[in-house]
Amino acid sequence: GRWTVQVGAFKDERVARNWLGEINRRFRSEFAGAERTVQTAGEWYRSRFTGLTEEAARSACSTLAARRVTCAVIRPD
């Protein structure tokens with residue numbers, strides 16, 4: 001699977017990387033095997049976990065949402 005879960009978008013790349021690390025630490029089992037990446041989009045840095053199946057991405061985002069962590073599931077291109 002190449003599904004993605006975006007956990008934030010920030011103006012500062014360091015903040016985006018730190019947040020990605022924090023989410024990975026807090027939700028390690030949800031993102032086991034996923035690739036951590038910060039993607040540039042204009043002036044924004046998007047914190048994302050990629051390489052998930054659709055089911056894993058939706059499940060992870062649901063778990064995060066239950067803990068009041070904003071996320072978005074992104075389908076492959």
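Here Thr63, Thr50, Thr70 are screened, and the one residue that is of a type in the set (Ser, Thr, Tyr), in contact (Cβ under 8 Å) with a residue 24 or more places away in the chain and touching a Ser or Thr at 6+ places or on another chain (Cβ under 6 Å) is Thr50.
Considering only residues in the stretch 33-47 that are out of contact with any Ser or Thr (no Cβ under 9 Å at 6 or more places or on another chain), of a type outside the set (Asp, Glu) and not in a strand (DSSP E or B), the one that is modelled with the highest pLDDT turns out to be Gly42.
The values are calculated or read from the model by the stated rules, or taken from the named source; none is laboratory data. The structure displayed is predicted, hence computed values, not measured ones. Don't worry about glycine lacking a Cβ; one is built from the backbone with ideal geometry, like all the others, and counts go over all protein chains shown.
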